[in-house]
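Below is one structure, written out as structure tokens, with a few remarks after it.
Just so it is clear, none of the values below were taken in a lab; they were calculated from the coordinates. Just so we're clear, the structure is a prediction, and the values are computed from it rather than from any experiment. With ideal geometry, Cβ positions are generated from the backbone for all residues, glycine too; neighbour counts draw on all protein chains shown.
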Amino acid sequence: MTAHPPQTDSQPCDCWEILPRDVPVLRDRFEDLLLLDCRTQAEYQEDHLRGAVLLPLQEISLRVGELDRWRRRVVVAYCCTGRRSHILARYLAERGFHCVRSVAGGIEACRADEAGEALC
């Protein structure tokens, strides 16, 4: 089944980004959603979002094949502030991933967003 780009109530910052409060909405709508943490192992061990899978941005070119089963599913990437996950989202989209998004502001925004606090 092909996942269509998620539509949410809030407006994303651009075509790749979603707001932290959109993550629970997407989790409810897409049970096979992949929440991808693209920070370092040390950052992940310090704190990460519930259910996240670690794949550091610096390893993506070597490990992109591990994500093949999500090529037509929803992938939501995050990092600390949104910069690395934005790069990752574009990288995956350029390689044929159909529905990949970056959490604007990253885990820091999740901590600051009232709705996002439940994610951390």
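Points 7 angstrom from Cα along the Cβ direction at residue 58 and residue 45: gap in nanometres?
1.5
Please list, in chain and number order, the residues 5+ apart from residue 35 or on another chain whose amide H is under 5 Å from its amide H, with Hs placed from the backbone.
Those lying under 5 Å, H to H, from residue 35 are 53, 76.
In segment 20-120, which trypsin sites (Lys or Arg not before Pro) fall in coil by DSSP and have 11 or fewer other Cβ atoms within 10 Å?
Numbers: sites: 21, 27, 29, 39, 50, 63, 69, 71, 72, 73, 83, 84, 90, 95, 101, 111; in loops: 21, 39, 50, 71, 72, 73, 95.
Here the trypsin sites (Lys or Arg not before Pro) that fit, given the DSSP loop and packing criteria, are 50.
Among DSSP bridges having both ends in segment 17-119, what percentage is antiparallel? Round to the nearest 5.
0
At q = 0.14 Å⁻¹, what base-10 log of I(q)/I(0) does the Debye formula yield for segment 17-119 when every alpha carbon is treated as an equal point scatterer in vacuo?
Each listed q maps to, in turn, -0.45.
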